[in-house]
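The values are calculated or read from the model by the stated rules, or taken from the named source; none is laboratory data. As the structure is a computational prediction, the values presented were derived from the model and not from experiment. Cβ atoms come from the backbone with ideal geometry, glycine included; neighbour counts cover every protein chain shown.
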Amino acid sequence: MVAAAVVAGLFASGVLWPTRGVAGSYAVRGVDVSAYQGTIDWEVLGTEDIDFAIIKSTEGSGSQDSRFEANWAGARDTDLVVGAYHFMSFESAGETQAQNVIDTVPAEEGTLPVTVDLEYYGDFFDNPPSRATVRDILDPLLAALEEHYGVPPIIYATQKSYDRYLQDHYPDNPIWIRSIASEPTLPDGRDWTMWQYSSRDRLPGYDGDEEFIDMNVFAGSLDDLRAATQ
């Protein structure tokens, strides 16, 4: 019992993490951040063993991340490949959510396609919206972002949200999948583009209430990543 408690504590603290070994076989790594990481010193964070950073920009139809502008400017001053992500709401129209993104995220050459983050939150963990409801929001959101930025958005998903809403659909949109227990395999056999493998890493360069930072890998070379920018 004591040994089990020690192991559980090591996992909770991020000292042990089941996917780090497998993720280490991928050459291109990156972080995703939001206001929870507080003020980020991009000169420090950008010199860590990472190649890209994806920054929260917006949520729903009316919310903007309070640190987005500072994070975008700071990250763009580094050698990192930079992108933005939008947390999709199940409670407002895709068209107005797209406008929130367009009003917030610059269409700058050399940046990654905008990511739409599709995952459960709040009461929706226990009461997931129907496929039809989600697609009525997601489809116009993706279409408007692609029209504005000129490239298909990336879609971030947990394994549960992928299985329910994305499986066998959206073939033109790169998939960024969360899987913190094992290397992901998508049920429809398609390849993922990015993999969020850890939510319990620590890196120097930020001072927020959230002590951990999410880590990701890209399924390709750094040249491939740069070629995926708009």
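Kindly indicate the residue of segment 134-164 that is assigned to a helix (DSSP H, G or I) and under 17 Å from the mean Cα position of the chain (by Cα) and also nearest to R29 (Cα to Cα) among those meeting that condition.
Among those that are assigned to a helix (DSSP H, G or I) and under 17 Å from the mean Cα position of the chain (by Cα), it is Q159.
In segment 96-135, how many residues are in contact with a strand residue (DSSP E or B) (Cβ under 9 Å, 6 or more places away or on another chain), without any contact (Cβ under 8 Å) to a residue 24 or more places away in the chain and over 14 Å from H86 (Cβ atoms)?
0
Name the pairs whose Cβ atoms lie under 7 Å apart, with the first residue in segment 140-153 and touching a residue at least 60 places away in the same chain (Cβ under 8 Å) and on the phi < 0 side of the Ramachandran plot, the second surrounded by fewer than 20 Cβ atoms within 10 Å (Cβ to Cβ) and part of a loop (DSSP other than H, G, I, E, B), and 6 or more positions between them or separate chains?
Correct list of pairs: Y149/A107; Y149/Q230; V151/Q230.
For segment 49-71, which residues satisfy the criterion of being under 16 Å from L203 (Cα atoms) and assigned to a loop (DSSP other than H, G, I, E, B)?
D49, I50, D51
Hey, does segment 215-225 have a residue that's more than 17 Å from Y26 (Cα to Cα), in contact with an Asp or Glu (Cβ under 9 Å, 6 or more places away or on another chain) and surrounded by fewer than 17 Cβ atoms within 10 Å (Cβ to Cβ)?
no
Does any residue of segment 91-99 turn out to be under 25 Å from G38 (Cβ atoms) and of a type in the set (D, E, K, R)?
No, there is no match, as no residue in segment 91-99 is under 25 Å from G38 (Cβ atoms) and of a type in the set (D, E, K, R).
Go through (1) over 26 Å from V217 (Cα atoms); (2) of a type outside the set (K, R); (3) within 19 Å of the chain's Cα centre (by Cα) and name the single condition S92 misses.
(3)
Considering only segment 167-179, I want to know if a residue exists there that is of a type in the set (S, T, Y) and without any contact (Cβ under 8 Å) to a residue 40 or more places away in the chain.
So far as segment 167-179 goes, yes, one or more of its residues are of a type in the set (S, T, Y) and without any contact (Cβ under 8 Å) to a residue 40 or more places away in the chain.
Which one of R29, R20, R67 is within 25 Å of E211 (Cβ to Cβ), of a type in the set (K, R) and touching a helix residue (DSSP H, G or I) at 6+ places or on another chain (Cβ under 6 Å)?
Only one candidate passes the filter, namely R67.
Looking only at segment 32-48, decide whether some residue is among the small types (G, A, S), out of contact with any Leu (no Cβ under 6 Å at 6 or more places or on another chain), part of a loop (DSSP other than H, G, I, E, B) and within 19 Å of M215 (Cβ to Cβ). Spell out how you get there, then give the answer.
First, the residues of segment 32-48 that are among the small types (G, A, S): 34-35, 38, 46.
Then drop every residue that is not out of contact with any Leu (no Cβ under 6 Å at 6 or more places or on another chain), which leaves 34-35, 38.
Adding the requirement that they be part of a loop (DSSP other than H, G, I, E, B) leaves 34, 38.
Pick out the ones that are also within 19 Å of M215 (Cβ to Cβ) and you get 34, 38.
Yes, segment 32-48 has at least one match.
Inspect all residues belonging to segment 177-188 and state whether any of them is under 15 Å from D117 (Cα atoms) and in contact with a Lys or Arg (Cβ under 8 Å, 6 or more places away or on another chain).
no
When residues of segment 185-230 are filtered for being farther than 23 Å from Y149 by Cα, without any contact (Cβ under 8 Å) to a residue 40 or more places away in the chain and out of contact with any helix residue (DSSP H, G or I) (no Cβ under 7 Å at 6 or more places or on another chain), how many remain?
7
Of the residues E95, E91, which single one is at pLDDT 95 or above, among the charged types (D, E, K, R) and either touching a helix residue (DSSP H, G or I) at 6+ places or on another chain (Cβ under 7 Å) or under 29 Å from G205 (Cα atoms) (or both)?
E95
Consider V44 against the criteria (1) in contact with a strand residue (DSSP E or B) (Cβ under 9 Å, 6 or more places away or on another chain); (2) buried (at least 16 other Cβ atoms within 10 Å of the Cβ); (3) β-branched (V, I, T): it satisfies all of them except one. Which criterion is unmet?
The failed condition is (2).
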